[in-house]
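Some notes on the structure that comes next.
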Amino acid sequence: MSKQELDPQKLARARNAFASVPYATFLGLQLGEVCEGEVSIHLDVREELRQNQGVVHGGAIASLIDTASAFAVLTQIDLQERVTTTDLTIHYLRPVNTGRMTALARIIRGGRRLFVLSVEVHNDENTLIASAVTTYIKIEQNLQKP
């Protein structure tokens, strides 16, 4: 996929939205590159993210994937539109216990209501540690918060 420059309003929206997500702050997620239909997000491994076997908890990786996906979709929808996850399938390929993880989410099909994305998570040595496919749906206007 060739990277296309994002509309400045959508880029500002993505940055502002990311900065206002308490869960992303809590996890320590860091917004990376934001392009049309493609977003990268980083997460540094910390003790708090490890499970009792010493590797990063799958839930932290799932959150990294889901957040990158949501922001990739954000680059494709109108400023007043909202979306939510409808499914998420993750394949955990290698354990991670140190360094930085980067999730790269790409829209592989965007329709009027549904978006299908492919996500890869690499460690700081560029080794693939997880892959995912996820789907998002636009939320009906009457179901959104005012």
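The values are calculated or read from the model by the stated rules, or taken from the named source; none is laboratory data. Keep in mind it's a predicted model, so treat the numbers as computed, not measured. Note that we place each Cβ from the backbone using ideal geometry, even for glycine, and neighbour counts take in every protein chain shown.
Assorted remarks:
- Within segment 36-50, considering residues that are touching a residue at least 24 places away in the same chain (Cβ under 8 Å) and more than 13 Å from the chain's Cα centre (by Cα), the one nearest to residue 104 (Cα to Cα): 36
- Looking only at residues of segment 101-132 that are not in a strand (DSSP E or B) and not polar (S, T, N, Q), we find that the one that is surrounded by the most Cβ atoms within 10 Å (Cβ to Cβ) is 124.
- Members of segment 14-40 found to be within 17 Å of residue 65 (Cβ to Cβ), outside any strand (DSSP E or B) and β-branched (Val, Ile, Thr), listed by number: 21
- Taking segment 41-79 as the range and being outside any helix (DSSP H, G or I), among the hydrophobic types (A, V, I, L, M, F, W, C) and surrounded by 16 or more Cβ atoms within 10 Å (Cβ to Cβ) as the test, the residues that pass are 41, 43, 45, 55, 56, 77.
- Residues of segment 1-13 classified as in a loop (DSSP other than H, G, I, E, B) and surrounded by 17 or more Cβ atoms within 10 Å (Cβ to Cβ), total: 1
- Test for residue 83: is it in contact (Cβ under 8 Å) with a residue 60 or more places away in the chain and touching a helix residue (DSSP H, G or I) at 6+ places or on another chain (Cβ under 6 Å): no
- Hey, residue 98 of a type in the set (S, T, N, Q) and in a loop (DSSP other than H, G, I, E, B) or not: yes
- Residue within segment 100-108 that is in contact with a Pro (Cβ under 8 Å, 6 or more places away or on another chain), touching a residue at least 40 places away in the same chain (Cβ under 8 Å) and aliphatic (A, V, I, L, M) present: no
- Segment 58-82, residues that are over 11 Å from the mean Cα position of the chain (by Cα) and at pLDDT below 95: 75, 76, 77, 78, 79, 80, 81, 82
- Taking segment 80-95 as the range and being acidic (Asp, Glu) and either in a loop (DSSP other than H, G, I, E, B) or out of contact with any strand residue (DSSP E or B) (no Cβ under 6 Å at 6 or more places or on another chain) (or both) as the test, only 81 passes.
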